[in-house]
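Scroll down for the structure; my scribbles are underneath it.
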Amino acid sequence: MGTIAIYPGTFDPITKGHSDIVARAAGIFDHVILAVAAATAKNTAFSTDERVDLARQVLAEHKNVEVRRFEGLLAHFVRDCGAKAVLRGLRAVSDFEYEFQLAGMNKKLVPEADTVFLPTTENYSYISSSLIREIASLGGNVGEFVHPIVHAALTERLGKRKKA
């Protein structure tokens, strides 16, 4: 299968920034696995299955990209997949310290894999899933920041929350 990279995250929801990182990684690695974290301390808008489904729809055009859910320690998932890289996107310098700490710990836990940092393309540097959820929940239009499928899902989900 060649060189496998794992791009882990919550992806709640997947944004155009995430898609940009995946598209660029798909040109570098033979196979990219977008790993959707099942267990998270975050209060997610979408279930794990919904996040996996949305990501699969958004990334369907990339033939060397697979979307999978994972539970437990990322290092175990990386090893189980035979990956040689853990992919992390960086939006700002402020992200680096935390990501660098994670990279060091992952290297200790799974020494056969390296962390690869990809800076976010400039026009996506201010986008985050939490910001997208907040704007959408307050009735703002997030259509330019997410795929149309995700926009529709957000509108439906957050619209239901408002009525409740």
I want the antiparallel fraction of DSSP beta bridges within the range 4-125, as a percent rounded to 5. 0
note: the range 4-125, Cα-Cα separations exceeding 26 Å make up a percent value of 12
Most fluctuating residue given options 117, 100, 145, as computed from a GNM of the chain linking Cα atoms under 10 Å: 100
FRET E, pair residue 130, residue 105, Förster distance 25 Å, beta-carbon r, rounded to 0.05: 0.60
Expressed in nm to one decimal, what extension gain is obtained for the pair residue 123 and residue 30 from 0.36 nm per residue of sequence separation less their Cα-Cα distance? 30.9 nm
Which of 86, 74, 38 sits farthest toward the positive end of the charge dipole of the range 36-98, with +1 on the Cβ of Lys and Arg and -1 on the Cβ of Asp and Glu? 86
Distance in nm between residue 41 and residue 53 label points, each 7 Å along Cα→Cβ, equals 2.9
With springs connecting C-alpha atoms under 10 Å apart, model the chain as a Gaussian network and identify which of 86, 110, 32 has the largest mean-square fluctuation. 110
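Coordinate-derived values only; no laboratory data. Keep in mind the model is a prediction, meaning the values are calculated, not measured. Glycine also receives a Cβ, built like all others from the backbone with ideal geometry; neighbour counts cover every protein chain displayed.
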